[in-house]
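Let me begin by presenting the structure, written as structure tokens, before commenting on it.
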Amino acid sequence: MKKKFQSDQQIPVHKNGSYETIIEDVTLDGNGVCRVDGFTMFVPMTAVGDRIRMKAVKVQKNFGYGIIEQVITPAVSRTDPGCPVYKQCGGCSFRHIAYEEELRLKEKTVRDAFVRLGGFSIAGEEETGENAVTMEPILGCNVNGLSPLHYRNKAQYPLGVDRNGKACAGFYARRSHRIIPSDQCMIQDEMFAPVVQTLVQSIDRLRIPVYSEETHQGFLRHLFLRSGRRTGELMVCLVSTQKNFPRRQELIQRLTAAHPQITSIMLNINPDVTNVIMGKETICLYGKCFLEDELLGTRLQIAPEAFYQVNAGQTEQLYSLGFDYADFRGNETLLDLYCGIGSIGLTAIGKVGRLIGVEVVPQAIDSARQNARINGLSEEQVRFICADAAAAAAQFAEEGLRPDVVIIDPPRKGCDQSVLDSICRMGPSRIVMISCNPSTAARDAKILCDAEHGYHLVKFRPADMFPRTGHVETVCLLSK
């Protein structure tokens, strides 16, 4: 049982104090959990089983934070991060542990969410009831030719100036807007690094002023890259304070001459004093105004602002898992809520009779309709609607639409209660939920399985879409 500490005098840890302890657990954000005389401390970049000497840097009423002073005995799972900026960059949480241990931690996180927050019991574990749920082993990004390295098809690099006055690109340090210069990244597509190098060299050579967050002067703010895993295409998107910046055409010529795989150069204009990366207007400077890629044999056109899964190889496995859970027979009506550019529904179209997709972002719906056209699909087969998921689901329920299967891929906050209520009013025989947040997935599954809504959670499986980071997906099957 955890101790409760009522006063500073009872707390056994003091700021700047040094303590020897053993790491018992690790959170998804990469913080190790340890205890000093029952008082909980969080220490980043540690592994379960590490014996460390820790310096307390922040102590609150019931927990505190520390930093490693010394790793006395390293855990078996501890490994070389293999990245020179890992300790400064905020991108990865788990580069210091073996990938198998990362998968174990993520699987445990999902399991704990469904047990503690969802109230479900897991089949095969002690004290399970009649309605125990099957939890399948985590789907790692290390099978079927995939790798936890260089998987990201999207990168956003803030641009700045280093101590020598030279242009630089990199990643923000943890919890700050201080740029850690880096053109190499262990999880980004290997095509990106040479483009980053060409850009910063060209900025210096052409003397194009880089935007300063302190003075709000300058032009170029960010470099945004996207690649097509199947097509090999590369999109470059520059974010600038103005549409016309000095020597713009020369910069384009240098990029395209050095990198023939570039099929699109876009310019996003963001003149605002803001931390938001992208502005409201985007224009095409070179080539196509979209990137093309392919998922499960389906051709997709992806605009710069459109949502597209960053790990295309693992996305194919994730979607295939969802389709297996849906158990399509070939004649179903499929409702795809939060459909985005249509990637889930369109890749399922050969397995169902009819697809209806719903998305609130107008540009995404335009892309979804275009993606249906380039894949030769008729309006009888596919219908995309621009609407809020809750409003659309309520409208369908009022119209008496009875989809056989509903797929929901909600944002991190999960589904609104009204969305879940409307789905249940339509009465699909199966609901497949693909969630990027274990906590909201467990919460939404619990709601769908209560007496009012009448569904049963049949099984669920974690899937690692974002190796080395603190994110994990979960696929759930609920049956009427």
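The values are calculated or read from the model by the stated rules, or taken from the named source; none is laboratory data. Because the structure is a prediction, the values reported are computed rather than measured. A quick note on method: Cβ atoms are made from the backbone with ideal geometry, for glycine too, and the neighbour counts reach across all protein chains shown.
Table: residues versus (1) of a type in the set (Asp, Glu); (2) surrounded by fewer than 18 Cβ atoms within 10 Å (Cβ to Cβ).
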{"site": "366", "(1), (2)": "yes, yes"}
{"site": "376", "(1), (2)": "no, yes"}
{"site": "397", "(1), (2)": "no, yes"}
{"site": "408", "(1), (2)": "no, no"}
{"site": "411", "(1), (2)": "no, yes"}
{"site": "425", "(1), (2)": "no, yes"}
{"site": "431", "(1), (2)": "no, no"}
Segment 171-197, residues that are closer than 19 Å to residue 94 by Cα and not charged (D, E, K, R):
171, 172, 173, 180, 182, 184, 185, 186, 187, 188
Find the helices (runs of 4 or more DSSP H) located wholly in segment 313-424 whose residues include 2 or more that are under 27 Å from residue 230 (Cα atoms) and at pLDDT below 95, and list them.
362-374
Meets criteria (surrounded by 24 or more Cβ atoms within 10 Å (Cβ to Cβ) and over 27 Å from residue 92 (Cβ atoms)) for residue 445:
yes
Within the bounds of segment 204-221, is there any residue that is of a type in the set (D, E, K, R), touching a Lys or Arg at 6+ places or on another chain (Cβ under 6 Å), buried (at least 22 other Cβ atoms within 10 Å of the Cβ) and in the same structural domain as residue 280 (by TED's automatic domain parsing)?
no
In segment 173-208, how many are polar (S, T, N, Q) and part of a strand (DSSP E or B)?
1
Only one of these is surrounded by 14 or more Cβ atoms within 10 Å (Cβ to Cβ), without any contact (Cβ under 8 Å) to a residue 40 or more places away in the chain and outside the structural domain of residue 368 (by TED's automatic domain parsing): 274, 231, 241. Name it.
241
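Here is a yes/no grid of residues against (1) free of Cβ contacts under 8 Å to residues at least 60 places away in the same chain; (2) surrounded by fewer than 20 Cβ atoms within 10 Å (Cβ to Cβ); (3) of a type outside the set (D, E, K, R):
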site	(1), (2), (3)
34	yes, no, yes
38	yes, yes, yes
41	yes, no, yes
44	yes, yes, yes
54	yes, no, yes
60	yes, yes, yes
69	yes, yes, no
75	yes, no, yes
79	yes, yes, yes
From the list 161, 196, 115, which one is outside the structural domain of residue 33 (by TED's automatic domain parsing) and within 27 Å of residue 439 (Cα to Cα)?
115
When you look at residue 147, is it under 30 Å from residue 279 (Cβ atoms) and either more than 19 Å from the chain's Cα centre (by Cα) or hydroxyl-bearing (Ser, Thr, Tyr) (or both), yes or no?
no
Which of the residues belonging to segment 414-442 are in contact with a helix residue (DSSP H, G or I) (Cβ under 6 Å, 6 or more places away or on another chain) and closer than 23 Å to residue 27 by Cα?
414, 434, 435, 438, 439, 442
